Amino acid sequence: MAREGRKTEALAVLERLTAADSTNLSAWNDQAALQVELGDLDGARNSLEHALVVRPDVAVLSRNLEKICARQARMAYDSAFGTPSRLEPLALELRTDPASARTAAKAGEDDSLRLAQESASREAVEVSALRDSLADRDRKLARLESTQVGAASSVVATSTAARSAAPAVRSSIPARRGGSAAQASRSDPIQAVVAWAKAWSDRDVDAYLASYTPDYHPDGLSRRQWEEQRRVRIRTPDWIKVEVVSPVLKRSGPERAEVVYRQVYQSRGVRLTSRKRIELTISQGEWKIQEEKEAR
Amino acid sequence: MRRPFKRAMFFTGLCCVSWVLASDHHTGATVPDSAESLLVRTLDAIRAERLDLALARSDTLVRRQPDFRLAQLVRGDILLAQTGKLDRFAGPRSSDPRAGGLRDEARARLRRYAQGPPQDLIPRNLILPPSDAHAVLVVDSRASRLYVFRQMEGEWKLDGDHYVSIGRNGTDKQAEGDQRTPLGVYTLASRIDHVDPYYGKVAFPLNYPNEWDVREGRHGHGIWIHGTPLTTYSRPPRTSNGCVVLPNEDLESIQPLFQTGTTEVVVSDSVDWVGRDAIDSVRQSVESALDSWKSDWASNEVDRYLSHYSEDFRSGNQDLQDWEKEKRRVAQGKTWIKVGYTHLSIMLVPGEKDLVVVDFDQQYESNNLSNQMRKRQYWRWEDGTWKIVFEGTPKLS
């Protein structure tokens, strides 16, 4: 859980990096690698396609894209024929470094060598810092944040969302250091959402249902019908993985909060990515889900 | 975003997926964001050599409908084409026996878009559908399509069509276990709300075998209209044991129109779409035959009455001789007869030559007996005139 959280944070930073500078090939590639690790293959594919629009000739990017396409093709066929096959973890090549650029050069693309080397060295600092940040996050992440803000001050204004994401992400740190999920959830709506996603992933229906206010029910269903429906849907698959990616917190009152995030839902043969908005309220001293909808 | 694809890679994918695309097809108007229209638009993008667009559309499609197997297969092909490793339909899974079924499904669904149902024409079978029915359903087995007709401004008009799957061995069911879907005119006999999830959420048994099937010695049971398993969006064209299977969302959308005991389902191999003039002339000729039968019956002249019956007539255990004997006996006690009918319906029976099924409420009065009944007759065109080959009450279950 903690590792996933760090990856999510690192991803948020990378997303801001690539938004600030769409020619940052290393950042795109690293972003794709993290997205793969977080199970967001569509996102990873998009990242690499972005990078390949900038530089169609960087072999590592193409190879990584092919890897993802091949994996997704296999998953699609598995879904088509209802025959899930055992999938090894997918690992992308991480370095868009001179070695790979040289390969391109051999193919007679001198220009690409120079450009790739340039961009590689330009980004080397940021990217290695980022990669390290997965292991030694706190210090490096802070540094990166400032690098990034400095490097891209013009673009950072793109989103208040990005800025409000930072404190939200930081607020999750104490929860990891100690304390039960319940304590964390009292203090932090994002933790409540993460705990809810974990209960869902653990297929722990009681904990899942307890994440909602006692009177919650969607339109058209009674609370009992809804609970029954959720129980079936959560218990039926043999595994579920729900990830909360890039959560952004908005407090709309002392007892009201809103978390917008990208949800990656996976189960056997199923993969759904959506933007979600969850409204929470304090109920019996804890943040509970009051409303759940697609965002945008 | 458009990334330049390697041409060779691209064409490999293109050849493999575009076999299904008719050379000249237009996208017909249906539900714009249905899974089917998204699939067709995905394939359109492939045809237009826009693999990137095709991939983006397939992303949307499988997000909306992850259990749409054909969509997943097409997506697998598009993705694999990007790696240059797609050499045939369904790539590395082309030898899977189920690949052929999915290819057939793609063909059927695309054909619908290549050539939508004709405007302003209706199936020849709908001569005069029951006036109190909200809808009439027409299945075209070769097109893997179910058409819904509704009365609008006094006319029966097409109001939507849906992909369907039928029996493994096709149509013309004759016997229990032959894995075929019966051809004919059927009625929704009942509604089952709690079905095994394999059949979706709701099922509507048909009255197979109906009186004509019984007369022809056909047997078997359990022919339903039902949905797909809850984890499967749709099934290939020929996969049922004889039932007519619709995707759950399609069945959900049309089932509010279903009236058990009333809604008729015409199951045919190939719908013959005709103009209203053609329908009207058949309707008039059947109605005039019926009127003349009615007045000959009321005349109590048994020979004239019997002239409307075919040599081939049968009703239950009775053949024409039995029928004649019975009628001559009854006629002796009559001094007067009045016959009337209301709520007439006339349908052309698919899979038969010039056979119509005629239903009506019959009001019979005579000096010694009066009654009212729902009557069903089958009339066949023989030597230039309509003859009754079956008469009885409708068998509704």
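The values are calculated or read from the model by the stated rules, or taken from the named source; none is laboratory data. Since the model is a prediction, treat every value here as computed from it, not as a measurement. Cβ sites come from the backbone with ideal geometry, for glycine too, and all protein chains shown count toward neighbours. Note: accessible area is taken over every heavy atom of the protein model, side chains too, but ligands, DNA and RNA are not part of it. Shrake-Rupley method; radii C 1.70, N 1.55, O 1.52, S 1.80 Å.
Some notes on this structure:
- Residue within the range B:17-32 that is open to solvent by 10 Å² or more (accessible area, probe 1.4 Å), of a type in the set (S, T, N, Q), at pLDDT below 85 and part of a helix (DSSP H, G or I) present: yes
- Of all residues in the range B:368-397 being farther than 16 Å from B:LEU344 by Cα and part of a loop (DSSP other than H, G, I, E, B), the one that is modelled with the lowest pLDDT: B:SER397
- Considering residues of the range B:40-59 that are more than 34 Å from the chain's Cα centre (by Cα) and among the acidic types (Asp, Glu) only, the residue most open to solvent (accessible area, probe 1.4 Å): B:GLU49
- Residue identified as touching a strand residue (DSSP E or B) at 6+ places or on another chain (Cβ under 7 Å), among the acidic types (Asp, Glu) and open to solvent by 80 Å² or more (accessible area, probe 1.4 Å) among A:GLU292, A:GLU255: A:GLU255
- The lone exception for B:THR393 - which of (1) in contact with a Phe, Trp or Tyr (Cβ under 7 Å, 6 or more places away or on another chain); (2) open to solvent by 60 Å² or more (accessible area, probe 1.4 Å) it fails: (1)
- Out of A:ASN64, A:ASN46, sole residue that is assigned to a helix (DSSP H, G or I) and open to solvent by less than 10 Å² (accessible area, probe 1.4 Å): A:ASN64
- Every listed requirement among (1) at the interface with chain B (Cβ under 7 Å from one of its Cβ atoms); (2) more than 22 Å from A:GLN263 (Cβ to Cβ); (3) of a type in the set (A, V, I, L, M); (4) surrounded by 24 or more Cβ atoms within 10 Å (Cβ to Cβ) is met by A:VAL58 save one, (1).
- Test: residue in the range B:240-260 that is over 16 Å from B:VAL164 (Cβ atoms) and part of a loop (DSSP other than H, G, I, E, B): yes
- The range B:60-96: number of residues that are at the interface with chain A (Cβ under 10 Å from one of its Cβ atoms), part of a helix (DSSP H, G or I) and either open to solvent by 30 Å² or more (accessible area, probe 1.4 Å) or more than 12 Å from A:PHE81 (Cβ to Cβ) (or both): 15
- Hits in the range B:184-195 - residues which are surrounded by fewer than 22 Cβ atoms within 10 Å (Cβ to Cβ), in contact with a strand residue (DSSP E or B) (Cβ under 9 Å, 6 or more places away or on another chain) and not β-branched (Val, Ile, Thr): B:ALA189, B:SER190, B:ARG191, B:ASP193
- The one condition from (1) touching a residue at least 12 places away in the same chain (Cβ under 8 Å); (2) outside any helix (DSSP H, G or I) that A:TRP28 does not meet is (2).
- Just so you know, in the range B:356-372 the residues that are crowded, with 21+ Cβ neighbours inside 10 Å and of a type outside the set (D, E, K, R) include one that is nearest to B:TYR305 (Cα to Cα), and it is B:VAL358.
- Of all residues in the range B:101-118 being in a helix (DSSP H, G or I) and not charged (D, E, K, R), the one that is farthest from B:GLU36 (Cα to Cα): B:GLY101
- For the range B:226-243, the candidate set comprises residues that are more than 14 Å from chain A (Cβ to nearest Cβ) and touching a residue at least 60 places away in the same chain (Cβ under 8 Å); within that set, the residue that is surrounded by the fewest Cβ atoms within 10 Å (Cβ to Cβ) is B:ASN241.
- Qualifying residue in the range A:272-293 (condition: at pLDDT below 85, away from chain B (no Cβ under 14 Å) and under 23 Å from B:THR60 (Cα atoms)): yes
- Residue among A:ALA76, A:ALA70, A:ALA19 that is open to solvent by less than 30 Å² (accessible area, probe 1.4 Å) and either within 14 Å of chain B (Cβ to nearest Cβ) or part of a helix (DSSP H, G or I) (or both): A:ALA76
- When B:LYS375, B:LYS353 are checked against the criterion of being among the charged types (D, E, K, R) and open to solvent by 20 Å² or more (accessible area, probe 1.4 Å), a single residue qualifies: B:LYS353.
- Boolean, A:VAL259 is in contact (Cβ under 8 Å) with a residue 12 or more places away in the chain and touching a Pro at 6+ places or on another chain (Cβ under 6 Å): yes
- Top-ranked residue in the range A:31-55 [being under 20 Å from the mean Cα position of the chain (by Cα) and free of Cβ contacts under 8 Å to residues at least 24 places away in the same chain; ranked as farthest from the other protein chains (Cβ to nearest Cβ)]: A:GLN31
- Just so you know, in the range A:269-296 the residues that are over 23 Å from A:LEU209 (Cβ atoms) and not in a strand (DSSP E or B) include one that is farthest from the chain's Cα centre (by Cα), and it is A:GLY269.
- Checked against (1) over 14 Å from A:ALA80 (Cβ atoms); (2) over 25 Å from the mean Cα position of the chain (by Cα); (3) open to solvent by 30 Å² or more (accessible area, probe 1.4 Å), B:ARG107 meets all criteria but (2).
- Flag if A:THR8 is away from chain B (no Cβ under 12 Å), of a type in the set (S, T, N, Q) and open to solvent by 10 Å² or more (accessible area, probe 1.4 Å): yes
- Residue check for A:PRO218: assigned to a loop (DSSP other than H, G, I, E, B), open to solvent by less than 70 Å² (accessible area, probe 1.4 Å) and farther than 30 Å from A:ALA44 by Cβ: yes
- Filter result for the condition that a residue is part of a strand (DSSP E or B), more than 30 Å from B:VAL62 (Cα to Cα) and open to solvent by less than 30 Å² (accessible area, probe 1.4 Å), over B:VAL286, B:VAL267, B:VAL271: B:VAL267
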